[in-house]
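What follows draws every value from the coordinates through simple rules; no lab data is involved. Computed from a predicted structure; not experimentally measured. Every residue, glycine as well, gets a Cβ built from its backbone with ideal geometry; the counts of neighbours run over all protein chains shown.
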Amino acid sequence: MLFCAIDCSRDKNINECCGDVIEMIEEYKAAKGHLPESLDDIDFENGSGADEIYYELLNDSTYIISYIASEADHNKCYYSDDKKWYDGLRPVDNDTLYWKHDTCGCLKLRDFNMLDRIIDRYHLVGKDTAVIVEYLGRPNEIINIDNELQYEYFLDAECIGQNPENAAGRSWINLQFNNKFELIGKPDAICVE
């Protein structure tokens, strides 16, 4: 069992400890064929409070290791897919910025291919609704039919200001979720009225 003591040179020590954790995760993956669900799976005895190391499994092959930085009010985040450390979450790409800015499809910035790229880039299939909202913003409609949750995002709409005028001429994409509220897959069609 690995335990990391954090002392006065906290950031240096916690960063070294994170390096040990990353090594343990990679060894676990090599031995078991998959990433651990939590740090408990690698017998890591975590610190607490400001000395805690956080592990988030993004998908089958990507994870984030993070800790609260001493010099700022943000986390230092390590992404396993590019093996880099960031101050806070990794910067968001233009697709995501445009998608979230065009909240109703009124600006006509959104399209099917953009959503496809965002889902692939951030490995959103299998992620829960909170992660989807983080990357895509709030859905325009939330639909629950027979306990099957769908998020509807408008692609294109006739608008007055930033408000869709009516349903006529509107196009949208539905994202479907399983009973654990995880994205089932990428949409394969655009809906049009």
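Some values worked out for this structure:
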read-out	value
Candidate lysines for bridging to residue 83, where Cα separation is under 20 Å - those fewer than 8 sequence places away on the same chain excluded	12, 29
Karplus-derived HN-Hα couplings along segment 36-48 (A = 6.51, B = -1.76, C = 1.60, θ = phi - 60°), whole Hz, x at Gly and Pro	x, 6, 8, 5, 4, 5, 9, 6, 9, 8, 7, x, 9
Sites residue 171 and residue 145, calculated FRET efficiency, Cβ-Cβ separation with R0 22 Å, nearest 0.05	0.65
Calculated from backbone phi, Karplus (6.51, -1.76, 1.60) coupling profile of segment 13-18 in Hz, x at Gly/Pro	5, 5, 5, 5, 4, 4
Cα-centre dipole for segment 23-133 with unit charges at Cβ (Lys and Arg positive, Asp and Glu negative), debye to 20	680
Under-5 Å amide H pairs with residue 88, H placed in peptide plane, nonlocal only	75, 76, 77
The chain: calculated mean residue ellipticity at 222 nm from DSSP helix runs of at least 4, using -39500 (n - 2.57)	-8000 deg cm²/dmol
Counting all C-alpha pairs of the chain, share separated by more than 21 Å (%)	59
For residue 156, distant residues with modelled amide H under 5 Å away	171
Derived scalar couplings ³J(HN,Hα) [segment 113-130; Karplus, 6.51 cos²θ - 1.76 cosθ + 1.60; whole Hz; x for Gly, Pro]	5, 4, 4, 4, 5, 4, 4, 5, 4, 9, 6, 7, 5, x, 8, 7, 4, 5
Extended-chain gain in nm, criterion 0.36 nm per residue less alpha-carbon gap, residue 60 and residue 10	14.9 nm
Cα-centred dipole magnitude for the chain, charges only on beta-carbon of K, R (+1) and D, E (-1), debye, nearest 20	520
By average C-beta atoms within 10 angstrom, highest first, the peptides 58-69, 131-142	58-69, 131-142
Distant-in-sequence amide H partners of residue 149 (H built 1.01 Å from N, under 5 Å)	177
